[in-house]
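Data first, discussion second: the structure below is written as structure tokens.
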Amino acid sequence: MHDREIIMDTVFESLRKAGIVPVIKLETPEAAIALGRALVEGGLPVAEVTFRTAAAAGAIRLLRREFPSMIVGAGTVLTVAQVDAARESGASFVVTPGFSPRIVDRCLDLGLPIVPGVNSPTQVEMGLERDLKLLKFFPAEASGGIKMLKALRGPYGDVSFVPTGGVEASNLAAYLALPNVAACGGSWMVKEDLIAAGRFDEISRLCREAVSIVEASRG
């Protein structure tokens, strides 16, 4: 097994172990420290920091520095330049909302684990052509949700998914019960208004609640 494959397998196994990946939008890098502490205290030392704001790269850098054991990824990556910024900031993995061959190939060239977004058989096969077996299913609920994932399992039994988009505490267990779901992405425990209001105790509580759902779903 090549070094690149070992790195990818290690990161992806960490995501599977976590079961839930908080999808985070930060307006300032400084908020990352308090948020990272809240995630750790909530038993969920993993984060997908989205490139929806200019603060993303700085936030990833701070999280990696202050919480070296945390798995920190870059989400909503839409350009090759953002891939490079994510790598330079120390991101452990990249997540994209759709399947851009240019972005995926750039990540693979860099040896940077990539979880590209898909919501159709054609896109799943684009991933398989690049030996990608872990894909983001987005937008999950709008794309058929659990019913669609069950349908995809038939022809693509070796592929695992990270459904994101419409996943909440109320349906998390149902998604995790599917054999082809490795983890789920969600933002309900790290909502922008909670971060803006400094309600980090509430974020920790919601993280603990999510972790308990993951643990219960896995027996």
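Read-outs throughout are calculated quantities, based only on the coordinates presented, and are distinct from any laboratory measurement. Quantities reported herein were computed from a predicted structural model and do not represent experimental measurements. Cβ coordinates were reconstructed from backbone atoms using ideal geometry, including for glycine residues, and neighbour counts include every protein chain displayed.
GNM on the chain, alpha-carbon springs under 10 angstrom: the most fluctuating residue among THR122, THR76, THR53 is THR122.
Cross-link list LYS25/LYS136; LYS17/LYS133; LYS17/LYS150; LYS25/LYS147; LYS147/LYS191: which exceed 24 angstrom alpha carbon to alpha carbon? From the list (LYS25/LYS136; LYS17/LYS133; LYS17/LYS150; LYS25/LYS147; LYS147/LYS191), the Cα-Cα distance tops 24 Å for LYS25/LYS147; LYS147/LYS191. Springs between Cα atoms under 10 Å define the GNM used for the chain, and in it the highest mean-square fluctuation of ALA91, ALA197, ALA56 occurs at ALA197. In the chain, if the dipole is taken from +1 on Lys/Arg beta carbons and -1 on Asp/Glu beta carbons about the Cα centre, which of PRO29, ILE146, ALA196 is farthest to the positive end? Of the listed residues, the answer is ILE146.
With n ≥ 4 as the cut-off for DSSP H runs, can you work out [θ] at 222 nm for the chain, using -39500 (n - 2.57) per run divided by the number of residues, rounded to the nearest 500?
Details: 10 runs with 103 residues, N = 219.
Taking each H run of at least 4 residues, the total per residue is -14000 deg cm²/dmol.
The orientation-averaged projection of the convex hull spanning the C-alpha atoms of region 127-205 amounts to 6.1 square nanometres.
Treat every Asp and Glu Cβ in the chain as -1 and every Lys and Arg Cβ as +1, leave all other atoms uncharged, and give the resulting dipole magnitude about the Cα centre to the nearest 20 debye.
That gives a dipole near 200 debye.
Each residue of the chain gets 111 Å³ once the volume of the Cα convex hull is shared out per residue.
Across the chain, C-alpha contacts under 8 Å between residues 6 or more apart give a mean separation that, scaled by the residue count, equals a relative contact order of 22 percent. Evaluated at q = 0.11, 0.12, 0.13 Å⁻¹, the base-10 log of the normalised Debye intensity for region 22-150, with identical point scatterers placed on the Cα atoms, takes the values -0.38, -0.46, -0.53.
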